[in-house]
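Comments concern the structure below.
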Amino acid sequence: MTQSSNDRTDRGRRLLLGTGGVALALGAAGSAQATAGGTPRPTTPVYAISRTRYSTSASTFLPTTGDTYVLPLSQVVLTDGNLDSTLKADNTITINNAGNYRVMLAVDWNSGKGHDAALRSAGIRFRPAGAPPLVGAPGGALTPIADTDTHLASVDLPGSATPKTVRLPAPPLGSHSTGTPFPWTPGTIAVGASASVDVTMPIANIVAPGDVALASLTSITDALIGADAVAALMITARVIAQDTVRVTVLNPSISPSVTIPQGNLQVLGMSAQQITGGSGEARTVLSSTTQALNPGDTIYTVFSSSSPGDVLQSSAEMYVEIERFIQAA
């Protein structure tokens, strides 16, 4: 008969809060005050932590996007000699000794190589003693799973694919510098007419024909030209050549004309093809809460990614650590 997650949680509470374990859960508040008859305080228990760390020997390439796979583990990289757990051939870890455990997972995703990765997920999973073993994939391939076992911990790392952008004027370099404004005076525009200006964007090779541009002018305000003119005027920006944007102000209905004084022009160009980001090494550390585990229970870790060909690197930052809390004195 397997234990439910509630049974394990209750057992963990009893182990933490039962006789001799009060100090771990409640600290100094757990020490009884001396009575009027001089009864001595009980000895505060001392706890130690046993640790075993497992890792990989090679980087792992995800064969499909969006599917969940068991993280392959191949070696013990750190241990204090305890016999609390055993790494199995199917990349799961079997618990050998009953007790309160904590499981840590550290993953080291490959960098985004100039773009943000899509959604990446990792987690720690539990399977009780007596449950059927995981069915490994043939030929040493990654084991795909439905991910229906108990989730001890999970993390989702959302990504994005924001377009590369260029702004005119170029923004200041920092808090102690200021940008150089780009003044423009559209002047008097008759009804049905327009005024235009072509600007060269300050960073080359970001926008070309077919990309997107937006523009604004600080002198198009109610105070300077009136609310009716502000509502009627149409300001557009179009990429007309490599690195060149044409800004146009059209007067469709203000008769006989509207006069727009000098203002500062701002233009934002965005590439429809190039994306920006750069996720670096994307290291993440995940920890479970304290869990009461029994001999034969299984722990394993999973990962998935929505980025085609994503890679989980083999490094000192990629590991699964099993820790058990032991009353030492």
Take the residues of segment 49-67 that are open to solvent by 60 Å² or more (accessible area, probe 1.4 Å) and within 20 Å of the chain's Cα centre (by Cα): which is farthest from Asp90 (Cα to Cα)?
Thr65
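Picking from Gly66, Gly81, which residue would you name as being assigned to a loop (DSSP other than H, G, I, E, B) and either within 28 Å of Pro132 (Cβ to Cβ) or at pLDDT below 90 (or both)?
Values: Gly81 fails: either within 28 Å of Pro132 (Cβ to Cβ) or at pLDDT below 90 (or both).
After applying the criteria, what remains is Gly66.
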Criterion (closer than 12 Å to Phe303 by Cβ and of a type outside the set (Val, Ile, Thr)) met by exactly one of Leu83, Leu71, Leu78, Leu87:
Leu71
Only one of these conditions is not met by Asp108: (1) at pLDDT below 90; (2) surrounded by fewer than 18 Cβ atoms within 10 Å (Cβ to Cβ); (3) closer than 30 Å to Ala48 by Cβ. Which number is it?
(2)
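Looking at Ala89, Ala129, can you tell me which residue is out of contact with any strand residue (DSSP E or B) (no Cβ under 7 Å at 6 or more places or on another chain), among the aliphatic types (A, V, I, L, M) and either at pLDDT 95 or above or farther than 24 Å from Asp147 by Cβ (or both)? Reasoning before the result, please.
Numbers: Ala89 fails: either at pLDDT 95 or above or farther than 24 Å from Asp147 by Cβ (or both).
Selected residue: Ala129, the only one of Ala89, Ala129 that is out of contact with any strand residue (DSSP E or B) (no Cβ under 7 Å at 6 or more places or on another chain), among the aliphatic types (A, V, I, L, M) and either at pLDDT 95 or above or farther than 24 Å from Asp147 by Cβ (or both).
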Reported set for segment 120-150 where residues are open to solvent by 30 Å² or more (accessible area, probe 1.4 Å) and either in contact with a Gly (Cβ under 6 Å, 6 or more places away or on another chain) or on the phi > 0 side of the Ramachandran plot (or both) is Ala129, Gly130, Gly139, Gly140, Asp147
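So which residues in segment 201-230 are loosely packed, with under 12 Cβ neighbours inside 10 Å and not acidic (Asp, Glu)?
Ala204, Pro209, Gly210, Ala223, Ala227
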Can you name the residue in segment 163-187 that is of a type in the set (Ser, Thr, Tyr) and open to solvent by 60 Å² or more (accessible area, probe 1.4 Å) and, of all such residues, is modelled with the lowest pLDDT?
Ser175
Applying the selection to segment 201-257, what residues are touching a Leu at 6+ places or on another chain (Cβ under 7 Å) and at pLDDT below 95?
Pro202
Quick one: is Val76 open to solvent by less than 60 Å² (accessible area, probe 1.4 Å) and within 23 Å of Ala316 (Cα to Cα)?
no
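The values are calculated or read from the model by the stated rules, or taken from the named source; none is laboratory data. Since this is a predicted model, take the numbers as computed values, not measurements. As a convention, Cβ positions derive from the backbone with ideal geometry for all residues, glycine included, and neighbour counts pool all protein chains shown. Only protein heavy atoms, including side chains, enter the accessible area calculation; ligands, DNA and RNA are left aside. Shrake-Rupley method; radii C 1.70, N 1.55, O 1.52, S 1.80 Å.
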